[in-house]
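No value in this document is a laboratory result; all are computed from the given coordinates. As the structure is a computational prediction, the values presented were derived from the model and not from experiment. Methodologically, a virtual Cβ is constructed for each residue, glycine included, from the backbone with ideal geometry; neighbour enumeration extends over all protein chains shown.
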Amino acid sequence: MLVTGGTGYLGAAIVRALAARGHQVVCFSRHATASQLPAGVIPADGDVRDRTSLEGAARGVDAICHTAALVSIWRRDRGEFDAVNVGGLEHVLSILRTQRLSRVVYTSSFLALPPAGSASPIEGNDYQRTKVIADRIARRAIEDGLPITALYPGVVYGPGTQTEGNLVGRLVSDHRARRLPGLLGPERIWSFAYVDDVAAAHAEAAERTDVTGRYELGGENAPQIRPFEIARDRLGLALPRRIPPALARIAGALEETRARVTGRPPLLTRGTVDILTRDWPLGHARASAELGYRVTPLDVGIERLLATFQP
């Protein structure tokens, strides 16, 4: 099986899960050969924007787990999001057709779905905009009868690297180091999905030829502040301050202007404010029934995360 984005936070967990189940795994990413991979995993350097390199890595595999994405709040060239998040999926689907793969498992995002109280998705930033476009492409392919399973994880978290892919881990770590200025929308609902639970669902979907369609991989639906409450109780940390949305929107506008002038990424955008001031609950009933998806309680998952912090 081929895993695109296999060195990212979730992608690496999927590679581990598939390897543990005895699969021959090809890990495709821009720096796969320079990464530490599980024994037996085949590294393949490449970029999902390059169909030729992707096609070469997929030669001989029976399925693709497509997790590669550009996860960021801003790029000077907005087209980078389209090339990676939309074009990458289009390349994978083209290879599915030409190489007659048994299936594709596509990692979408809860941000491609409508927030609570809305009938339509929003497009707060270019990441979200392009994930919404890619989701429409995936849905049409499913309706056309292609063997595709689209998965919609909640806010993926857990031990490991504190990157954009592990936002909760990074935020809690920053708060512990007193680098976090505060939280925007701490009362808003997130669906906290433990990384190993999400990876196991991907591995199961990749193995199953009798399931296709769309599956929400929600975790525990809780206020954004909840991980910090757990950290307070376990480590004695004070809770983060609350950032007023009106102030955040002003700061976002100023940061966007600075980014356009300097070329350096903004710390905040107005689109991010729009996302963080909405509720994003998710379910998991179908995934639990058909993919054996299990939800790690949030307090257990956060305790595992905290246990990895240096004293």
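The figures follow:
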{"quantity": "Within region 242-311: Cβ-based charge dipole about Cα centre, in debye rounded to nearest 20 (Lys, Arg +1; Asp, Glu -1)", "calculated": "260"}
{"quantity": "log₁₀ of I(q)/I(0) at q = 0.14, 0.25, 0.26 Å⁻¹ - region 125-194, Debye sum with one point per alpha carbon", "calculated": "-0.62, -1.17, -1.20"}
{"quantity": "Gain upon complete extension [Ala307, Gln36; 0.36 nm per residue less C-alpha separation]", "calculated": "95.3 nm"}
{"quantity": "Computed [θ] at 222 nm, deg cm²/dmol, the chain (DSSP H ≥ 4; -39,500 (n - 2.57); rounded to nearest 500)", "calculated": "-12500 deg cm²/dmol"}
{"quantity": "Charge-dipole axis of region 250-311 as Lys and Arg at +1 and Asp and Glu at -1 on Cβ define it, positive-most pick from Val273, Leu291, Gly301", "calculated": "Val273"}
{"quantity": "Candidates per trypsin sites (Lys or Arg not before Pro) in region 77-134, loop by DSSP, up to 13 other Cβ within 10 Å", "calculated": "Arg78, Arg100"}
{"quantity": "Options Thr7, Gly185, Gly165, ranked by Cα towards positive dipole end of the chain, top entry (Cβ charges)", "calculated": "Gly185"}
{"quantity": "Cα-based Rg / Dmax (Å) for region 160-292", "calculated": "17.7, 52"}
{"quantity": "Region 251-265 and region 2-18: distance between their alpha carbon centers, rounded to Å", "calculated": "33"}
{"quantity": "Shape parameters for the chain, alpha-carbon atoms, Rg then Dmax in Å", "calculated": "19.0, 56"}
{"quantity": "Three-way shape call for region 213-268 based on the alpha-carbon gyration tensor, with the a/c threshold at 1.5", "calculated": "oblate"}
{"quantity": "Efficiency of FRET between Leu239 and Thr262 - r from beta-carbon atoms, R0 41 angstrom, step 0.05", "calculated": "0.80"}
{"quantity": "The chain, dipole about Cα centre (Lys/Arg Cβ +1, Asp/Glu Cβ -1), debye to the nearest 20", "calculated": "700"}
{"quantity": "Rounded to the nearest 20 debye, dipole of region 59-114 from Cβ charges on Lys, Arg, Asp, Glu", "calculated": "120"}
